[in-house]
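A short worksheet on the structure shown next.
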Amino acid sequence: MRAGVAHRLEVAKLARSGVTRTATLACLVLVALTTVGGAAAAGGAPGTPMGQQAASLIAAPGWAGYVGLAALSVGITALLATGIVLAWTVGREFTDGTIVGLLAIPARPEQVLGAKIGAVLGWAALLSGADALLVAAGGVALGLPLAGAPAAAATVAAVGIALAASALPVAWAATAGRGYLAGIGATLGLVVVSNVGAGFGLGAVIPWAVPVLWATPGSGIGPAPLALPVAVAVVGALAARRAWARLELGAA
Amino acid sequence: MTAALAIRGARRSLRGTPVLRDLTLSVAPGECRALIGMNGAGKTTALRAVLGMLRLEAGSVRVLGHEARSADRRFWAQVGHLVETPFCYPELTARENIRSAAALHGAPAREAAARGEHLAAVLGLEDRLEVPARRLSLGGRQKVGLIAALAHRPRLVLLDEPTNALDPFAVLALRGLLAELTADGVAVLVTSHHLDEVARCASRADVLHGGRVVGSLPMEGTDLERAFFEVVLAAERAAPGGPS
């Protein structure tokens, strides 16, 4: 009941916020442009810069290569968007000073944090689902066989959800840094580490790179390393929970 | 009579500096007590400790008979507070903010809504309830925070500088509300550094200086400003190394 009230409040705040709306729109537009647009350019205009770049990212014919391209786009946008929205959701309470209204109530502080994480992950799951539908519909529109669309959508959704969950350490960073800027900084750090690490061939051991590699044909990454982003999500959530359970105002 | 709020020997340092030093204070049901002091006296820290937002190094805080940081948190349903920042999210309407605060305190929705409407009418916010809080003035947001602190019918109310940004009409209305609350047996603790404001709403004022109560002033028949500075000066003289 108490946690339910906190969850409804967090969902309402999230649904009304400009941060969430902007992030949602940006993700959908970027995924559509880079995946559907990229695949269309690779097939229809291979001589153009975009067509050449997209073609270099498509590692296999058919759905497999198309899903790999989509995973790259969905992965980066899901990590960045979820990190920023999570940083705002948690950190704004400290930045704006509204945290005082969430303490000295029957719900424990860590239950309030749980409501925040639940609301953000719910939004991220919906966004990943929308990304998946968009990608699948785009693939069919580009002439890929309809029968492969459900599996492609499931893979893209899984990549999005895994990367959204792996952003949970940002909740701890926003709490420890007492504001959303600390969380946004942590998000950018995760994106940079993932991209640089993957660029140097270390993607298999970087939790925020594993989901994209798993969905990329020829990467040699099976489903087992997906345990890495799950572990990061659990550790991040537990660290944030511990920080909220011990929360003190004015002491930092 | 059991105190609604009882602080005994509270001590807390922040970044190596003692902020609360053996703070002892109590508020009885039906009493409006003020905690007055200069900037940095420890008023906000004291409220944070009362509300369980800050752990004590020594001493105790009992809120409505419960330890402030006890595991069973149900008693917080009977406490209302406005400390530092009003409960006022800019993306929600004034009404949504008020109802959310009441729901977080476990208040029945219909009853809290009716009480919120009444308080809004008293404070002059009734025609702004459907407005997103980001469009409210500073005073409007303060009114939302005050209503959010009171709509769930608390038995103990803690208000930090409650008249911040309020217009004269709302200040008068708030004074009347506080009188109604105490008449109903609600305990109220108000912190302020505006002595004239305190004199009009509290029955007694405790002077906080250097993290502890150094004197208590009755409101009636007192030149509050003079009495306040006499108490503060006496505390300074009594302190080791203070002026002689």
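The values are calculated or read from the model by the stated rules, or taken from the named source; none is laboratory data. Keep in mind that this is a model prediction, so the values were computed, not measured. So basically every Cβ, Gly included, is an ideal-geometry build from the backbone, and we count neighbours across all protein chains shown.
On the stretch given as region B:17-64, residues that are assigned to a loop (DSSP other than H, G, I, E, B), modelled with pLDDT under 95 and small (G, A, S) total 5.
Filter region B:120-131 for residues that are surrounded by fewer than 18 Cβ atoms within 10 Å (Cβ to Cβ), of a type in the set (A, V, I, L, M) and outside any helix (DSSP H, G or I) and give the result. B:V131 - this is the single residue of region B:120-131 that is surrounded by fewer than 18 Cβ atoms within 10 Å (Cβ to Cβ), of a type in the set (A, V, I, L, M) and outside any helix (DSSP H, G or I). A:A107 meets the conditions (1) facing chain B (nearest Cβ under 7 Å); (2) without any contact (Cβ under 8 Å) to a residue 60 or more places away in the chain in every case but one. The failed one is (2). Could you please let me know if A:V90 is out of contact with any Phe, Trp or Tyr (no Cβ under 6 Å at 6 or more places or on another chain), surrounded by 23 or more Cβ atoms within 10 Å (Cβ to Cβ) and assigned to a helix (DSSP H, G or I)? Answer is yes for this residue. The set of residues in region A:166-185 that are touching a residue at least 24 places away in the same chain (Cβ under 8 Å) and surrounded by fewer than 23 Cβ atoms within 10 Å (Cβ to Cβ) comprises A:A176, A:G177, A:R178, A:G179, A:L181, A:A182, A:I184. The set of residues from region A:154-169 being over 8 Å from the mean Cα position of the chain (by Cα) and of a type in the set (V, I, T) comprises A:T155, A:V156, A:V159.
Only one of the numbered conditions (1) within 14 Å of chain A (Cβ to nearest Cβ); (2) surrounded by 21 or more Cβ atoms within 10 Å (Cβ to Cβ); (3) at pLDDT below 95 is violated by B:L208, and that is (1). Contact annotation: residue pairs with Cβ atoms under 8 Å, 6 or more positions apart or on different chains, pairing a residue in region A:13-30 that is more than 10 Å from every other protein chain (Cβ to nearest Cβ) with a partner that is crowded, with 18+ Cβ neighbours inside 10 Å and among the small types (G, A, S), are A:A23/A:A81; A:T24/A:A81; A:A26/A:A81; A:C27/A:A78; A:C27/A:A81; A:L30/A:S73.
Applying the criterion of at least 3 residues that are among the basic types (K, R) to the helices (runs of 4 or more DSSP H) found wholly in region A:178-252 leaves an empty list.
Yes or no, residue by residue, for (1) of a type outside the set (V, I, T); (2) touching a strand residue (DSSP E or B) at 6+ places or on another chain (Cβ under 6 Å); (3) away from chain A (no Cβ under 14 Å):
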{"residue": "B:V27", "(1), (2), (3)": "no, yes, yes"}
{"residue": "B:G30", "(1), (2), (3)": "yes, no, yes"}
{"residue": "B:L35", "(1), (2), (3)": "yes, yes, yes"}
{"residue": "B:M38", "(1), (2), (3)": "yes, no, yes"}
{"residue": "B:G42", "(1), (2), (3)": "yes, yes, no"}
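Please work out if B:P90 is modelled with pLDDT of 95 or more, within 13 Å of chain A (Cβ to nearest Cβ), surrounded by fewer than 19 Cβ atoms within 10 Å (Cβ to Cβ) and assigned to a loop (DSSP other than H, G, I, E, B). For B:P90, the condition - modelled with pLDDT of 95 or more, within 13 Å of chain A (Cβ to nearest Cβ), surrounded by fewer than 19 Cβ atoms within 10 Å (Cβ to Cβ) and assigned to a loop (DSSP other than H, G, I, E, B) - is met.
This table checks each residue for (1) farther than 26 Å from B:T24 by Cα; (2) in contact with a helix residue (DSSP H, G or I) (Cβ under 7 Å, 6 or more places away or on another chain); (3) touching a residue at least 24 places away in the same chain (Cβ under 8 Å).
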position	(1), (2), (3)
B:R128	yes, yes, yes
B:I147	yes, yes, yes
B:H152	yes, yes, yes
B:R155	no, yes, yes
B:D160	no, yes, yes
B:G185	no, no, yes
B:L195	no, yes, yes
B:A202	no, no, yes
B:D223	no, no, no
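Answer yes if at least one residue in region B:42-54 is surrounded by fewer than 18 Cβ atoms within 10 Å (Cβ to Cβ) and among the small types (G, A, S), and no otherwise. No, the conditions are met nowhere in region B:42-54.
Table: residues versus (1) among the β-branched types (V, I, T); (2) within 13 Å of chain A (Cβ to nearest Cβ); (3) over 20 Å from B:D160 (Cβ atoms); (4) part of a helix (DSSP H, G or I).
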| position | (1), (2), (3), (4) |
| --- | --- |
| B:R69 | no, yes, no, no |
| B:W76 | no, yes, no, yes |
| B:A103 | no, yes, yes, yes |
| B:A112 | no, yes, yes, yes |
| B:H118 | no, no, yes, yes |
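Given the criteria surrounded by fewer than 20 Cβ atoms within 10 Å (Cβ to Cβ), under 25 Å from B:P108 (Cβ atoms) and either over 13 Å from the mean Cα position of the chain (by Cα) or within 11 Å of chain A (Cβ to nearest Cβ) (or both), does B:S60 qualify? For B:S60, the condition - surrounded by fewer than 20 Cβ atoms within 10 Å (Cβ to Cβ), under 25 Å from B:P108 (Cβ atoms) and either over 13 Å from the mean Cα position of the chain (by Cα) or within 11 Å of chain A (Cβ to nearest Cβ) (or both) - is not met. Residues that are closer than 25 Å to B:R73 by Cα and within 11 Å of chain B (Cβ to nearest Cβ) within region A:80-95 comprise A:R92, A:E93, A:F94, listed in sequence order. Of all residue pairs spaced 6 or more apart or on separate chains, those with beta-carbon atoms under 7 Å, a first member in region A:232-252 that is within 11 Å of another protein chain (Cβ to nearest Cβ) and a second member that is part of a loop (DSSP other than H, G, I, E, B) and surrounded by fewer than 19 Cβ atoms within 10 Å (Cβ to Cβ) are A:E248/B:R55; A:A252/A:R178.
The residues on offer are A:G189, A:G118, and the sole one that is closer than 30 Å to A:A3 by Cβ and surrounded by fewer than 16 Cβ atoms within 10 Å (Cβ to Cβ) is A:G118.
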